[in-house]
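Asker: There's a structure below that I have some questions on.
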Amino acid sequence: MTIRYQADADLNQAIVTGVLRREPTIDFQTAFVAGLEGVKDPEVLAIAAQQGRILVSHDRRTMPLEFATFITSSQSSGVIIVSRRLSIEVVIEELLLIWAASSAGEWSNRIAKLPL
């Protein structure tokens, strides 16, 4: 199954724009389209999981713990935590590589930090 991404409300929109510019066929839903602004982490994780999307977030502070709690009772499509220190270009390249070289099933209940 092909990887689909969900941007968290805190994710720099330039990342989503850059990924879609480089590879228009990637399904990368913005936080705005998903209605995630102001939504708490557990619900964000649930929305992404229901839609079969890997959540892409800058939230290194609360998301890893929320993810650990979430997967004790629910299935997740995965989470990728993106360091704000990485250049946007590097983040775009990494997300494109993940999309091209892995399948959605490989990310089930998995959390990773960029850079890989």
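Bear in mind these aren't lab numbers, they're just calculated from the coordinates by the rules spelled out. Since this is a predicted model, take the numbers as computed values, not measurements. So basically every Cβ, Gly included, is an ideal-geometry build from the backbone, and we count neighbours across all protein chains shown.
Asker: Percent of Cα-Cα pairs per 10 Å bin, from 0 to the last occupied bin, for the chain, please list those.
Answerer: Pair shares across the bins are 15, 53, 31, 2.
Asker: Here's something else I'd like to know. How high is the relative contact order of the chain, in percent, with contacts defined as C-alpha pairs under 8 Å that are six or more residues apart? Display every interim value, and only then the final one.
Answerer: Details: 183 pairs, mean separation 37.1, N = 116.
Taking the mean separation of contacting Cα pairs over the length of the chain, I get 32 percent.
Asker: Oh, and also: Which far-off residues, 5 or more places away or on another chain, put their amide H under 5 Å from the one on Asn109, with H placed in the peptide plane?
Answerer: For Asn109, whose amide H was placed from the backbone, the distant partners under 5 Å are Ser76, Ser77, Gly78.
Asker: Can you list residues from other chains, or at least 5 along the same chain, whose modelled amide H is less than 5 Å from the amide H of Ile54?
Answerer: It is Arg4, Tyr5, Gln6, by chain and number.
Asker: Where the only charges are on Cβ atoms (+1 Lys, Arg; -1 Asp, Glu), what is the dipole of the chain about its Cα centre, to the nearest 20 debye?
Answerer: Using only the charged Cβ atoms, the result is roughly 160 debye.
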